[in-house]
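Chemist: Just passing along the structure, written as structure tokens.
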Amino acid sequence: MKPDEKSQRDAVNATAAEWVVRLAVGSCSEDERATLDAWLKADPAHEVAFERESLAWERTERLRALRPQEGLAGFEGLAPPGRPRPARRRSPSLRRWKSPARVAAAVALTLGAAGAAAVWTGGSSKAYATAIGERRVVVLTDGSRVELNTDTRLEVRMTPIGRRARLLKGEALFEVNPDRRRSFVVAAKDDEVRSERAAAFNVRVSPQAVKVLVVDGAVEVRGRTGPDGERFSSRLSAGALGVYGPAGPSARTTTTGETERALSWRYGAIVLSGEKLSEAAAEFNRYNAKRLVVADPAIADLRLGGYFKQRDVEGFARALESSFDVKATDTGRAIYLSRAVSARRAPAS
């Protein structure tokens, strides 16, 4: 298969998988369902890919181990079950996605998991916060939009000469309206993300680093390598991921599938594509008060692949038990993961 053909096939598979997940978690509006109908009718390959991803979603074994030599191409071994079906409308009012990358940039104002996020004001500044498991979209006075992920705190100050936000905690997707007179600046720890033109970018703050994923347009990132380190300035274009931490700045180009996985939080999903069990547990813990605790180091490095609802921590634990030699002990406040007793027994000599 030629490289261009493989790239096109991968793009179709990625789009089909995203539609399956969006339908299953109930985050599609009627117009978006009509858009899906049009996409399915546009090419028989689209419908084939959609059916394949729907069947993968139904599989009983919802997780699989990924061997080092086993690639992560495609979306096989998906979970959880429940085959979605596209809704049919008599008069399709289509909203076209501008490109695979712009799918992630389009902000849905209706979010099934959005809670009543706290909002408070101080002077000309406003601050927004989401609790664990909540998401919220904020429309700013200049028309720019910000989508806040779980457990996030954001302060925004809009003035005639500048637009400035500070991401104190968590993760947010910014969709910036252009204004050549006023740059849009997002501060996170010691770094700043700056844009004057239309752009969409995701910023995540963790104890280890600040991550900036550019979905559309371009941004400039300014900062320093540590509190007393040298200053730096770098430009990131669409598809670039910048990581800024104690080790200094780094950037690389991501694939469309990787971008979509990184932004799967927007429609209530966690996508695992080779992450360790310890990493998967940490991701689930971002969205749930009930904690996943990997109590046995022997299973911490188990690599996984699959789709899950963010709040379905019990379902994830059941899937581990049904697919691997893992025991899940639910205490009500936490689920402790360890090797199953049978897996600890030494083979008979």
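Chemist: Return yes when residue 252 is surrounded by fewer than 23 Cβ atoms within 10 Å (Cβ to Cβ) and assigned to a loop (DSSP other than H, G, I, E, B) and no when it is not. Let's see the steps before the verdict.
Modeler: Numbers: surrounded by fewer than 23 Cβ atoms within 10 Å (Cβ to Cβ): yes; assigned to a loop (DSSP other than H, G, I, E, B): no.
Against the criterion (surrounded by fewer than 23 Cβ atoms within 10 Å (Cβ to Cβ) and assigned to a loop (DSSP other than H, G, I, E, B)), residue 252 does not qualify.
Chemist: Same structure again: Is at least one residue of region 248-257 among the aliphatic types (A, V, I, L, M) and touching a helix residue (DSSP H, G or I) at 6+ places or on another chain (Cβ under 6 Å)? Steps first, answer last, please.
Modeler: Going through region 248-257, the residues among the aliphatic types (A, V, I, L, M) turn out to be 251.
Subset that is touching a helix residue (DSSP H, G or I) at 6+ places or on another chain (Cβ under 6 Å): none.
Within region 248-257, not a single residue is among the aliphatic types (A, V, I, L, M) and touching a helix residue (DSSP H, G or I) at 6+ places or on another chain (Cβ under 6 Å).
Chemist: Kindly check whether there is at least one residue in region 237-244 that is in contact (Cβ under 8 Å) with a residue 24 or more places away in the chain, assigned by TED's automatic domain parsing to the domain that holds residue 187, in contact with a Phe, Trp or Tyr (Cβ under 7 Å, 6 or more places away or on another chain) and in a strand (DSSP E or B).
Modeler: no
Chemist: Run residue 298 past the list (1) more than 22 Å from residue 151 (Cβ to Cβ); (2) free of Cβ contacts under 8 Å to residues at least 60 places away in the same chain; (3) assigned to a strand (DSSP E or B); (4) not assigned by TED's automatic domain parsing to the domain that holds residue 191 and report the number of the one that doesn't hold.
Modeler: (3)
Chemist: Please list, ordered by first then second residue, the pairs with beta carbon atoms under 6 Å, 6 or more apart or interchain, first in region 142-166 and outside any strand (DSSP E or B), second of a type in the set (Phe, Trp, Tyr).
Modeler: 149/265; 150/287
Chemist: Collect the residues in region 319-343 that are assigned to a helix (DSSP H, G or I), under 27 Å from the mean Cα position of the chain (by Cα) and among the hydroxyl-bearing types (Ser, Thr, Tyr), keeping them in residue-number order.
Modeler: 322, 323
Chemist: From the list 234, 278, 264, 338, pick out the single residue that is farther than 27 Å from residue 32 by Cα, among the polar types (S, T, N, Q) and touching a residue at least 24 places away in the same chain (Cβ under 8 Å).
Modeler: Result of the check over 234, 278, 264, 338: 338.
The values are calculated or read from the model by the stated rules, or taken from the named source; none is laboratory data. Source: prediction; values computed, not measured. All Cβ positions, glycine included, derive from the backbone under ideal geometry; neighbour counts span all protein chains shown.
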